[in-house]
Amino acid sequence: MAADTRVVLEPGARLVLREEVLFGRYGEPCGGYRQRVRVETGQGPLYDQELATGPTAPGWDGPAVTAGRTAAGTLLVVDPAAAAGDGAADAFRDPDTALMELGGGARLLSALAPDTATLRHRLDDAAARLLTGTHEPAALRPAGV
C-alpha cells in the first residue's frame, strides 16, 4: 500500500495535518507500506518526509526508525502568525515524542507508540497544546460531543 500526500500552501495559509499509521494487526507482521508527505509554500519546500515499512524496507523496525513500536503518527501545524521558540518543545518530554520547529510558523510533532490508543492520546495532547495553548484535548472537540 502506498499513500502520497502533497499540499501547496498559499501565502499566509494555515494547515493542520495529522497522520496515524498502525504497522499490522496485533500479533501479525507488518505488510508493505510506503507514505510520503510533502508540503510546499511559495518560498519552496517546507516539509518532505517518506516512511517505508514491511518486508521490502530493511531496518524499518530498528532503533533508528520505529524501535519496534507498532504505531507512528505526525501532527504538522503551519501557522505563519505563530511565535517561534515559545517553549512548547519543553511540554513534550516523552522519549517517543519529538517536536520540531520547521520555520515559517510550522511545527512538526512526531510520535511512536506501542498501540493506536497510546498514539492517539499523544497526538490529541499535542494538538491541544499546539492549537489551543492548553493541555485539554477536550478543547478540540465540537460542543455536544
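The values are calculated or read from the model by the stated rules, or taken from the named source; none is laboratory data. As the structure is a computational prediction, the values presented were derived from the model and not from experiment. Neighbour counts are summed over all protein chains in view; Cβ atoms, including those assigned to glycine, are modelled from backbone coordinates with ideal geometry. Heads up: the accessible areas ignore ligands, DNA and RNA and are worked out on the full protein's heavy atoms, side chains in. Shrake-Rupley method; radii C 1.70, N 1.55, O 1.52, S 1.80 Å.
Please work out if Glu28 is free of Cβ contacts under 8 Å to residues at least 24 places away in the same chain and over 21 Å from Asp115 (Cβ atoms). When the stated conditions are applied, Glu28 does not pass them.
Does the range 58-83 hold any residues that are closer than 17 Å to Glu28 by Cβ, in contact (Cβ under 8 Å) with a residue 40 or more places away in the chain and not aliphatic (A, V, I, L, M), and which are they? Within the range 58-83, Thr66, Arg69, Thr70 qualify.
Just one of the listed residues (Asp86, Asp61, Asp94, Asp90) is outside any loop (DSSP other than H, G, I, E, B), of a type in the set (Asp, Glu) and modelled with pLDDT under 90, namely Asp90.
Being of a type outside the set (Phe, Trp, Tyr) and loosely packed, with under 11 Cβ neighbours inside 10 Å narrows it down to one of Gly68, Gly42, so name that one.
Values: Gly68 fails: loosely packed, with under 11 Cβ neighbours inside 10 Å.
Exactly one of Gly68, Gly42 is of a type outside the set (Phe, Trp, Tyr) and loosely packed, with under 11 Cβ neighbours inside 10 Å, namely Gly42.
Yes/no matrix, rows are residues, columns are (1) modelled with pLDDT under 85; (2) farther than 13 Å from Leu130 by Cα:
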{"residue": "Ala67", "(1), (2)": "no, yes"}
{"residue": "Leu76", "(1), (2)": "no, no"}
{"residue": "Ala82", "(1), (2)": "yes, no"}
{"residue": "Gly103", "(1), (2)": "yes, yes"}
{"residue": "Leu112", "(1), (2)": "no, yes"}
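State all residues of the range 93-122 that are among the hydrophobic types (A, V, I, L, M, F, W, C) and over 21 Å from Gln49 (Cα atoms); if no residue qualifies, say none. Within the range 93-122, just Ala117 meets the criteria.
Would it be correct to say that Gln35 is polar (S, T, N, Q), over 12 Å from the mean Cα position of the chain (by Cα) and part of a strand (DSSP E or B)? Step through it out loud before you land on a result.
Working: polar (S, T, N, Q): yes; over 12 Å from the mean Cα position of the chain (by Cα): yes; part of a strand (DSSP E or B): yes.
Yes, satisfied.
When Pro55, Pro11, Pro95 are checked against the criterion of being without any contact (Cβ under 8 Å) to a residue 12 or more places away in the chain, more than 13 Å from Ala126 (Cβ to Cβ) and open to solvent by 80 Å² or more (accessible area, probe 1.4 Å), Pro95 stands alone in meeting it. Scanning the range 48-60 for residues that are in contact with a Ser or Thr (Cβ under 9 Å, 6 or more places away or on another chain) and of a type outside the set (A, V, I, L, M, F, W, C) returns Gln49, Thr53.
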